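Following: one structure in structure tokens, then a few remarks.
The values are calculated or read from the model by the stated rules, or taken from the named source; none is laboratory data. The shown structure was predicted, so the numbers you read here are calculated from the model rather than taken from an experiment. Glycine gets a Cβ as well: all are built from the backbone with ideal geometry, and neighbour counts include every protein chain shown. For the accessible areas, the whole protein counts, side chains as well, though only heavy atoms, and no ligand, DNA or RNA atoms are used. Shrake-Rupley method; radii C 1.70, N 1.55, O 1.52, S 1.80 Å.
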Amino acid sequence: SRSNPSRRPRCAGGLDALASIEEMNKKQALQFLREHQPMPPDKEWTEELAVWYDEVRKYFTAHPDPACIPLFLNSYGEINGLGVYQMVDNVFGQYKPNEVIPHLIEALLSKHKSVRYWTSQICLHFPDERLIEPVLEALKHNDEDTRYFCYSALGFILEATDYDYAAQLEPVIDKGLGEETYQELIELLTEIKENIKKNGC
């Protein structure tokens, strides 16, 4: 059946060309994400846009498709998506590490601060040595919140690999302890340093 035009969002990015939410299919859900790489800052969101993003999230939670992985990672805009971004974790949790990690690597190198920030949090769910180099690259940006999750990711990777990379990462942690001024970062780095001493070679 044809969708009711009155229910179509009239937003930038071609949303008005999509069917209604009730009739969403994979093609339309992917198209929405492709049109929002990344999403606009929270201050530019409308209630309608928020509903669409959340419905796309729900669609891919119910109908997993690896094609959505890079699109979600690069959809993160400034702030928190009116609270929806936090719930996208459930989408990634449905996939095997090898399906997600290559896209995490690329997203960590994104030119968009918001993409790097949210991706650094997703990395905590996929602690893998392949993420070390892109995480180290993301650490170079002047963003305390992203650095916090990047350091956390390194700590998780150390634990997951039985501290096989302690010799490589301990100087990174020491450098952070010497440069960071944010108290929560210092506490995190101190904890990682102590764990290296206990478990590293």
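Here are the numbers for the structure shown:
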{"quantity": "Those aspartates and glutamates that a straight Cα-Cα span of less than 14 Å connects to K140, excepting residues fewer than 8 apart in one chain", "calculated": "E179, E180"}
{"quantity": "Charge sum, other residues only, whose C-beta stays under 12 Å from T161's C-beta, Lys/Arg counted +1 and Asp/Glu -1", "calculated": "-4"}
{"quantity": "Å² per residue, accessible surface of the range 134-201 at 1.4 Å", "calculated": "55 Å²"}
{"quantity": "Potential extension, A67-Q183 segment - 0.36 nm per residue separation minus Cα distance", "calculated": "37.9 nm"}
{"quantity": "Cβ charges +1 (Lys, Arg) and -1 (Asp, Glu), total dipole of the range 43-201, debye", "calculated": "180 debye"}
{"quantity": "Tilt relative to the chain, helix 113-122 - C-alpha long axis, 0 to 90 degrees, to 10", "calculated": "70 degrees"}
{"quantity": "Over 31 Å (Cα to Cα) - which of K96/K175; K58/K193; K43/K193; K58/K113 fall in this group", "calculated": "K96/K175; K58/K193; K43/K193"}
{"quantity": "Compactness index (Cα Rg / 2.2 N^0.38 Å), the range 90-201", "calculated": "1.01"}
{"quantity": "Over the chain, volume per residue of the alpha carbon convex hull, in Å³", "calculated": "110 Å³"}
{"quantity": "Additional length obtainable on full extension of the chain from N195 to H141, 0.36 nm per residue less Cα span", "calculated": "16.9 nm"}
{"quantity": "Pairwise label distance in nanometres, K27 with E133, each label 7 Å out on the Cα-Cβ vector", "calculated": "3.9 nm"}
{"quantity": "Relative contact order [Cα under 8 Å, 6+ residues apart], the range 40-94, whole percent", "calculated": "56 percent"}
{"quantity": "Gain in span if fully extended, L109 to E55, counting 0.36 nm per residue against the direct Cα distance", "calculated": "16.7 nm"}
{"quantity": "Under 19 Å from the Cα of K197 - aspartates and glutamates, other chains or at least 8 residues apart", "calculated": "E159, D162, D164, E170, D174, E187"}
{"quantity": "13 Å beta-carbon shell around A50, net charge (K/R +1, D/E -1)", "calculated": "-3"}
{"quantity": "Apportionment of accessible area to carbon and sulfur, the range 43-97, percent (1.4 Å)", "calculated": "53 percent"}
